[in-house]
Amino acid sequence: MNEPLNPEPKFEEYVSANIAVGASPEIVQLHRAKAVQAGLKELDRYNGNIDGVLGKSTLAVLHELIPEEEIYTPGGQLNEQAVSRIDALVNDKRMNAAKQAGTIDALRKRFTGLGNARDHVEEALKLDPQFKGSIELRNSLAGAHAVALYILSEHAIDLGSDLILEAAQLYDAILGGLNTAASSRYVTVSEMWAKIEPKVEGAAKTLVPTQDKLLEFQLMLETYKFGDANDFKDALLTYIQVSRSAPNKFLKPTGNLVEYRAVGPSIISSYTEAVQNIIAKRPKKEQIEEDMENFGRAVSDFELYKHPETETLVRANWKLFEA
């Protein structure tokens, strides 16, 4: 693929760019405004050109993220501190993304590896059902696999919760606009929808990465075909499917306004039911402790995990499953 002739500079290039000594206040302001635009673009809060012209909507986002006293100098100029604050927000986003990607990638590899290992052990037991080593390894693998499932579930539940919340907030805003149009003499519901639809489509795109991550978890869960925690797995799959489908239902009105008003309560009801099902199907504390014991045996006896932080990570995430 050919690179563009004039690629847009990255945010850090704006932040670290040297401004000539004695540069005019106008040049300094232009540089800071471009840095702010580039930072907001990386934060998915701006999608315009990096031209140094801060419009009303951009300034509104800036006020949302940064206290006013840090945006402007006493003379009303754009403050260097505003650029620093945007820089910090960009770095936080990058660090969180890297941390999550690393965690999910490692979890995917371990979860898949444990499933494959259990397949091999089951094949060995078919050949020699009484072989003690295979029986012990089967129990240890089952515990380790279940622990991986518990950790995976917490990530999935957090993502689903965030997705539902964001989509529901957008739904409330859409419904508010359509309800206003329904009682207005100056604009119809159809005209209002035509006006806000492009913004809704843009907002929906920001939710796609979370939906994609939930799909990754769904595909991982579908590989868990052993009986140990199948009920819990099935509850998680239902939760993920409800969460993933919610934005499309929330943000794409079908039918008439009366029907669209019923969409929100229906989705929330399905989501609440899915959460309650997870709570009902989650393993008891005693089962968690047994799985942890088997997991520990897998670590010490069979060296399934060579990273000492694994058990710490497990113990840090098992609060969700305590009665």
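The values are calculated or read from the model by the stated rules, or taken from the named source; none is laboratory data. This one's a predicted model, so the numbers in the text were calculated from it and none came from an experiment. All Cβ positions, glycine included, derive from the backbone under ideal geometry; neighbour counts span all protein chains shown.
Quick notes
- Filter pass, Tyr46 being modelled with pLDDT under 85 and surrounded by 10 or more Cβ atoms within 10 Å (Cβ to Cβ): no
- Number of positions in the stretch 153-202 that are aromatic (Phe, Trp, Tyr) and either surrounded by 18 or more Cβ atoms within 10 Å (Cβ to Cβ) or under 30 Å from Asp234 (Cα atoms) (or both): 1
- Selection status of Phe226, of a type in the set (A, V, I, L, M, F, W, C), out of contact with any Pro (no Cβ under 9 Å at 6 or more places or on another chain), in the same structural domain as Val263 (by TED's automatic domain parsing) and crowded, with 17+ Cβ neighbours inside 10 Å: yes
- The residues on offer are Lys99, Lys56, Lys93, Lys10, and the sole one that is at pLDDT 80 or above and charged (D, E, K, R) is Lys56.
- Some residue of the stretch 256-279 being modelled with pLDDT under 90 and acidic (Asp, Glu): no
- Residue list for the stretch 214-224, restricted to those being outside any helix (DSSP H, G or I) and either in contact (Cβ under 8 Å) with a residue 60 or more places away in the chain or of a type in the set (A, V, I, L, M, F, W, C) (or both): Thr223, Tyr224
- Of the residues making up the stretch 208-237, those that are under 17 Å from the mean Cα position of the chain (by Cα) and among the polar types (S, T, N, Q) number 3.
- Counting the residues of the stretch 61-77 that are modelled with pLDDT of 85 or more and either surrounded by 10 or more Cβ atoms within 10 Å (Cβ to Cβ) or outside any helix (DSSP H, G or I) (or both) gives 5.
- Residue match in the stretch 205-213 (condition: loosely packed, with under 14 Cβ neighbours inside 10 Å, farther than 29 Å from Asn277 by Cα and without any contact (Cβ under 8 Å) to a residue 24 or more places away in the chain): yes
- Condition met for Lys41 (surrounded by 11 or more Cβ atoms within 10 Å (Cβ to Cβ), assigned to a helix (DSSP H, G or I) and at pLDDT 85 or above): yes
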